[in-house]
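Q: For reference, the structure I am asking about is given below.
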Amino acid sequence: MVDNAKRTHQRLIIGISGASGALLGIRALQMAQALGVETHLVMSKAAEMTIGYETPYHPQAVREMATVAHRIEDVGASIASGSFRTLGMLVAPCSINSLSEIAYGMTSSLLTRAADVQLKERRRVVLMVRETPLHTGHLRAMLQASEIGAVIMPPVPAWYAEPKTNDEIVDQLAARALDPFGLEAPQAKRWGEDLSKGKRGGV
């Protein structure tokens, strides 16, 4: 009984939308799997196109990385129900379109429906919003999403970690995106632990 409870609490939903930065979601998925977390993946059609443009992966290969991969149109999937217990949901990257649907509860796909469900159940939802520059409408949608409980986490590089490669930047961002769910990926470099002011003579 205890083992079953532990298993159900170690589920994480990962959504990949069509914004640039698909590798963020892929890397977070890989890290969560490595931590022994049961992952539920949902990708938009635009995300599948972006994966082909930006990464060396095929969308089917990404699906196979997850414990369970759900079809974007399957609004009857397990992750569309609040009774399906999870740690919450990470949307990485999160397009402005997906952000807006989540913020205002006008969900048209399993990705945004699953996020809406997590919010109504008061679970953690992290949105790695990928767009710049931002106009007032974008900012208002972010504020609305924040007010209903989402964590707005733009993928801003942690320059203090002194990344040398694009992979190091992606690793740090993906690892930090798992922090709000209580998942500690070893790839995260942390100030005061792996890094300190003393390293560079203070700020």
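All of the numbers you see were taken from the coordinates with simple rules; none came from a lab. Everything quoted here is computed from the prediction, not taken from an experiment. Glycine also receives a Cβ, built like all others from the backbone with ideal geometry; neighbour counts cover every protein chain displayed.
Q: All but one of (1) farther than 19 Å from Glu131 by Cβ; (2) in contact with a helix residue (DSSP H, G or I) (Cβ under 9 Å, 6 or more places away or on another chain) hold for Pro56; which doesn't?
A: So Pro56 meets the others, but not (2).
Q: Next question, about the same structure. Has segment 116-125 got at least one residue that is crowded, with 23+ Cβ neighbours inside 10 Å, closer than 23 Å to Ala34 by Cα and without any contact (Cβ under 8 Å) to a residue 60 or more places away in the chain?
A: yes
Q: Right, something else. Answer yes or no: is there a residue in segment 127-145 that is of a type in the set (S, T, N, Q) and free of Cβ contacts under 8 Å to residues at least 40 places away in the same chain.
A: Checked against the condition, which is being of a type in the set (S, T, N, Q) and free of Cβ contacts under 8 Å to residues at least 40 places away in the same chain, segment 127-145 yields at least one hit.
Q: Looking at segment 130-183, which of its residues are β-branched (Val, Ile, Thr) and outside any helix (DSSP H, G or I)?
A: Thr132, Ile148, Val151, Ile152, Val156, Thr165, listed by residue number.
Q: Please specify each residue of segment 111-129 satisfying the condition of being more than 15 Å from Met43 (Cβ to Cβ), outside any loop (DSSP other than H, G, I, E, B) and more than 12 Å from the chain's Cα centre (by Cα).
A: Within segment 111-129, Asp116, Val117, Gln118, Leu119, Lys120 qualify.
Matching residues to (1) of a type in the set (Ser, Thr, Tyr); (2) touching a Leu at 6+ places or on another chain (Cβ under 8 Å):
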{"position": "Gly82", "(1), (2)": "no, no"}
{"position": "Arg85", "(1), (2)": "no, no"}
{"position": "Gly88", "(1), (2)": "no, yes"}
{"position": "Val91", "(1), (2)": "no, yes"}
{"position": "Cys94", "(1), (2)": "no, yes"}
{"position": "Ser98", "(1), (2)": "yes, yes"}
{"position": "Ile102", "(1), (2)": "no, yes"}
{"position": "Arg113", "(1), (2)": "no, no"}
{"position": "Glu121", "(1), (2)": "no, no"}
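Q: Given the criteria touching a residue at least 12 places away in the same chain (Cβ under 8 Å) and more than 22 Å from Glu54 (Cα to Cα), does Val151 qualify? Lay out the reasoning, then the answer.
A: Values: touching a residue at least 12 places away in the same chain (Cβ under 8 Å): yes; more than 22 Å from Glu54 (Cα to Cα): yes.
For Val151, the condition - touching a residue at least 12 places away in the same chain (Cβ under 8 Å) and more than 22 Å from Glu54 (Cα to Cα) - is met.
Q: Could you list, in sequence order, all residues of segment 136-150 that are surrounded by fewer than 17 Cβ atoms within 10 Å (Cβ to Cβ) and of a type in the set (A, V, I, L, M, F, W, C)?
A: Selection gives Leu139, Leu143, Ile148.
Q: Another one. Listed residues Pro163, Pro133, Pro186; which is under 20 Å from Ala19 (Cβ atoms), of a type outside the set (S, T, N, Q) and surrounded by fewer than 22 Cβ atoms within 10 Å (Cβ to Cβ)?
A: Values: Pro163 fails: under 20 Å from Ala19 (Cβ atoms); Pro186 fails: under 20 Å from Ala19 (Cβ atoms).
Residue meeting the stated conditions: Pro133.
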